[in-house]
Amino acid sequence: GQPLATFDPGFVNTAVCHSSITYIDGEAGVLEYRGYPIADLAEHSTYLEVAYLLLHGELPNAAQLAQWELEVTEHRMLPDKLKTVLAGFPYDAHPMTILMASVAAFFSFYPDAQNFDDPDARYLNITRLIAKMPTLAAFAYRKGKAKPYINPDDSYGYCHNFLQMLFKQNERRYHADPRLIRAMEVLFILHADHEQNCSTNAVRSVASSGNDLFTSCSAGIGALHGPLHGGANEAVLKMLREIGSVDRVPEFIEGVKAGKTRMMGFGHRVYKNYDPRAKIIKKSVEDVFEVTGVNPLLRVALELEKHGLEDDYFVSRRLYPNVDFYSGLIYEALGFPPEMFTVLFAVPRTSGWAAQYQEFITDSEQKIVRPKQIYTGYQTRSYVPMEARD
Ligand code: SDX
């Protein structure tokens, strides 16, 4: 007899937890972190303030924020031996692979992360991870370019320091431009959390068997890498480049409608309306292009969006631009190669994964993740000796 269970591939209609961190109304296109609308946070907040909000549930006062920023600054450096791990990868290793392996390796350097029931140990390792992700991302990028690593500079804030670790020698070009640092801050705020998305579900699932933060978040990085999830921002630029010009958009749209390909950066499991983050990023593109010059692929993206919002194929399926549709245009304008785009998603999403991990670990309702299945294989049958086989 089959177990009593509802068949629900991808958990489309399954709520796996109670959570108080992030709220999405997919019909209305609403996103709130701890009750604060994403547009307000993008306008007024900073990434570290949002990370604090996600972790603690409240906005910090001035003293709490200063203390938090100091703690994060103190933990920016990577363990020296991790450079040996990085050196072991081929020069063209995908930075998401390097990130996933390195975050898992953090557990070897910080084994006290296993004491996740101790709030102090848990908080220390969450701080370490949030602090080290930009350094790790920058080192992975510099390795790919066969350039020397640039250490964190404590005189810079979180996002400015990240840009200087990546592009220092271009500093005089524009990476210290406050408009670009603010664009990075806004992108990090927008990517920080998104309730039970594929990668957060992976983090919670690995945590459920009693794992530390690093092991659990390395699983999240793996899930995020996929082109249907965080990898979509890299796939969008590839798509825009392949289309190449506005007059080739109709042909591409026909290909999508024939089911030959997908419009990457479009559609969402929850949003059946315009992704509020995409709206904000689209505006941010204009601010960035004021500094860097316009990326001609923006025109292709705008034409694709126009078709996507008007053509019945997309309208009937309620497909809209999502967070990944415009972000790659900014990353490319900032000088990042496409393989770094998903890394730029993983860095800020680390604070969301950490907040969700913390909520899971302290949630008395939670059990090891072990779903049911509907069995469709053979009924019971007898073993066949070799001589009796065809
Ligand atoms: C992120 O979950 C999150 O919150 C994720 C995220 C986060 O912050 O963590 O928001 C980040 O991952 C954003 C999504 C990035 N992915 C992409 O842009 C890749 C392209 N989009 C899709 O593959 C798709 O829309 C998903 C993966 C995002 C959602 O998939 P679903 O909910 O499982 O929907 P589906 O694949 O069942 O599609 C429903 C229908 C299908 O058509 P029919 O079979 O009904 O005829 O819509 C079609 C799909 O073919 N469809 C698309 C499409 N997305 C869905 N057709 C063309 N282009 C697309 N982009």
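The values are calculated or read from the model by the stated rules, or taken from the named source; none is laboratory data. All figures in this text were calculated on a predicted structure; none of them were measured in a lab. For neighbour counting, all protein chains shown are included, and Cβ atoms are generated from backbone atoms with ideal geometry for every residue, glycine included. We work out accessible area using only protein heavy atoms, side chains counted, and drop any ligands, DNA or RNA first. Shrake-Rupley method; radii C 1.70, N 1.55, O 1.52, S 1.80 Å.
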* To do: Tell me which residues, restricted to the stretch 24-48, are assigned to a helix (DSSP H, G or I) and surrounded by fewer than 19 Cβ atoms within 10 Å (Cβ to Cβ).
  => 39, 40, 43, 44
* Has the stretch 275-294 got any residue that is free of Cβ contacts under 8 Å to residues at least 24 places away in the same chain, under 23 Å from residue 342 (Cβ atoms), within 11 Å of the ligand (Cβ to nearest atom) and buried (at least 16 other Cβ atoms within 10 Å of the Cβ)? -> no
* residue 78 in a helix (DSSP H, G or I) and in contact with a helix residue (DSSP H, G or I) (Cβ under 9 Å, 6 or more places away or on another chain) -> no
* Asked: Give me the pairs: first residue in the stretch 191-207 and closer than 14 Å to residue 226 by Cβ, second residue near the ligand (Cβ under 9 Å from one of its atoms) and outside any loop (DSSP other than H, G, I, E, B), beta-carbon distance under 6 Å, and six or more apart or on different chains, which are they?
  -> 199/224
* Could you check residue 307 against (1) within 13 Å of the ligand (Cβ to nearest atom); (2) closer than 30 Å to residue 15 by Cα; (3) assigned to a helix (DSSP H, G or I) and say which number it fails? => (2)
* Asked: If you take the residues of the stretch 219-238 that are out of contact with any Gly (no Cβ under 6 Å at 6 or more places or on another chain) and open to solvent by less than 10 Å² (accessible area, probe 1.4 Å), which of them is farthest from the ligand (Cβ to nearest atom)?
  -> 221
* Name the one entry in 168, 132, 143 that is under 19 Å from residue 333 (Cβ atoms) and assigned to a helix (DSSP H, G or I). => 168
* List, please: which pairs have Cβ atoms under 8 Å, are six or more places apart or on different chains, and start with a residue in the stretch 29-44 that is over 14 Å from residue 188 (Cβ atoms) and end with one that is of a type in the set (Asp, Glu) and surrounded by fewer than 19 Cβ atoms within 10 Å (Cβ to Cβ)? -> 34/58
* Structure fact -> Selection over the stretch 54-72 where residues are open to solvent by less than 70 Å² (accessible area, probe 1.4 Å) and part of a helix (DSSP H, G or I) yields a count of 7
* Structure fact -> Contact list, first residue from the stretch 330-349 and away from the ligand (no atom under 16 Å from the Cβ), second anywhere and modelled with pLDDT under 95 and not in a helix (DSSP H, G or I), beta-carbon distance below 8 Å, six or more apart or interchain, is 332/295; 333/293; 333/295
* To do: Go through the residues of the stretch 241-254 one by one and say whether even a single one is within 30 Å of residue 300 (Cα to Cα), touching a residue at least 12 places away in the same chain (Cβ under 8 Å), within 12 Å of the ligand (Cβ to nearest atom) and basic (Lys, Arg).
  => no
